[in-house]
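Written below as structure tokens is the structure these notes are about.
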């Protein structure tokens, strides 16, 4: 039996705690947040769903490491479901107490800093896996699985996104996670592989339309930042092409690209009258109430395609996961795909199925292992392999 902790009692953190309690051979899960109401409500929900008292709510400011460290004493694995700016300090905590850690990431540069702790983590005998979640995270695991379905992978394409089940004008989007995470994805450059080399590609580039089976229909896809984490560097020189695009309902791309061009995603303060304001903070204040729904019923979509060779012939492997809001538990698709990918990694770390050190998610666990664990949790993952495919292979349905 294992003892776990989740830092952050937001939507994704609560879903992760539930999965640890249900599938992690847990004798206790600590749910820690500065907001006492969030921890108590989250723990109460999970304990009710599982019909046992297994999640303990704890109110704590995690920046107070002198209080956090003794609290985590005896924890086998913990998940950071807080803002990525806290993750370096939490890596230090994990190493100091000898606990495994994974996080929901959100910033590739922070992840690269975490990797610098590899030797210290190995010495401490702990496993640390950054950038778990839906994307990056589950999307990478499914891409690895698609690659495993051919003998020689050459190109990998990923499309993913979280959407409301019904498109609602004018924004055609509803928040399923923190708005700061959304605008972070829409800022800067993504890192892809082109001709086998890591290449920067600006956000909002590469616009295309992608068809999905009813009731989803046609979506638009475009480049956003951070979705591949360290994957491009890991496969540089091994794949000819690698890219990831975000899925949205038609109309969203044009609106948010206009916000970016206007400068509303910038973080440098500007002078407005007698005061200085941060454009992105203004956008958050104006936009968040417009795209926040009291009840979220959403769809989570991940489609991956690997082009390569199988049995000496051209081949294409397609892997697709479409998940919906769960009426039984009340968990959104975004919660399940994000929180449960992290909990899968945390559980495998506790079971010593992942090597010690700070390990990128693409090297930590095979795609097949994650698919097996995901299917155990009820995710519907479809796969097809086409030998000598036509120029446009069939969509998964």
Which residues, counting only those in segment 216-225, are crowded, with 16+ Cβ neighbours inside 10 Å and part of a strand (DSSP E or B)? 219, 220, 221, 222
I need the full set of residues from segment 319-359 which are more than 17 Å from residue 81 (Cα to Cα), touching a residue at least 60 places away in the same chain (Cβ under 8 Å) and touching a helix residue (DSSP H, G or I) at 6+ places or on another chain (Cβ under 7 Å), in order please. 319, 321, 324, 325, 329, 354, 356, 357, 358
Kindly indicate the residue of segment 61-76 that is without any contact (Cβ under 8 Å) to a residue 40 or more places away in the chain and in a loop (DSSP other than H, G, I, E, B) and also farthest from residue 116 (Cα to Cα) among those meeting that condition. 61
Kindly indicate which of 100, 51 is in contact (Cβ under 8 Å) with a residue 12 or more places away in the chain and either under 20 Å from the mean Cα position of the chain (by Cα) or surrounded by fewer than 15 Cβ atoms within 10 Å (Cβ to Cβ) (or both). 100
I'd like the full set of residues that are without any contact (Cβ under 8 Å) to a residue 40 or more places away in the chain and over 15 Å from residue 8 (Cβ atoms), limited to segment 77-92. 88, 92
Only one of 213, 170 is under 20 Å from residue 337 (Cβ atoms), surrounded by fewer than 16 Cβ atoms within 10 Å (Cβ to Cβ) and in contact (Cβ under 8 Å) with a residue 24 or more places away in the chain; which? 213
When you go through (1) modelled with pLDDT of 95 or more; (2) closer than 26 Å to residue 192 by Cβ one by one for residue 251, which number turns out not to apply? (1)
Specify the residue that is surrounded by the fewest Cβ atoms within 10 Å (Cβ to Cβ); the eligible residues are those in segment 277-311 that are in contact with a strand residue (DSSP E or B) (Cβ under 7 Å, 6 or more places away or on another chain) and free of Cβ contacts under 8 Å to residues at least 40 places away in the same chain. 277
In the set 58, 79, which member is in a strand (DSSP E or B), touching a strand residue (DSSP E or B) at 6+ places or on another chain (Cβ under 7 Å), within 17 Å of residue 357 (Cα to Cα) and in the same structural domain as residue 358 (by TED's automatic domain parsing)? 79
Run down 381, 359, 347, 387 and say which single residue is buried (at least 20 other Cβ atoms within 10 Å of the Cβ) and over 20 Å from residue 2 (Cα atoms). 359
Quick check on segment 1-18. Is at least one of its residues at pLDDT below 95 and farther than 25 Å from residue 134 by Cα? yes
Total residues in segment 232-249, condition in contact with a strand residue (DSSP E or B) (Cβ under 7 Å, 6 or more places away or on another chain) and on the phi > 0 side of the Ramachandran plot: 0
Helices (runs of 4 or more DSSP H) completely within segment 279-367 that count 1 or more residues being under 16 Å from the mean Cα position of the chain (by Cα): 333-350, 361-364
Take the conditions in contact (Cβ under 8 Å) with a residue 24 or more places away in the chain, surrounded by 16 or more Cβ atoms within 10 Å (Cβ to Cβ) and assigned by TED's automatic domain parsing to the domain that holds residue 246 and apply them to residue 191. Does it pass? yes
Residues that are over 21 Å from the mean Cα position of the chain (by Cα) and on the phi < 0 side of the Ramachandran plot, at least 2 per element: which strands (runs of 3 or more DSSP E) completely within segment 106-208 meet that? 152-164, 197-202
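The values are calculated or read from the model by the stated rules, or taken from the named source; none is laboratory data. Computed from a predicted model, the values in this text were never measured in an experiment. With ideal geometry, Cβ positions are generated from the backbone for all residues, glycine too; neighbour counts draw on all protein chains shown.
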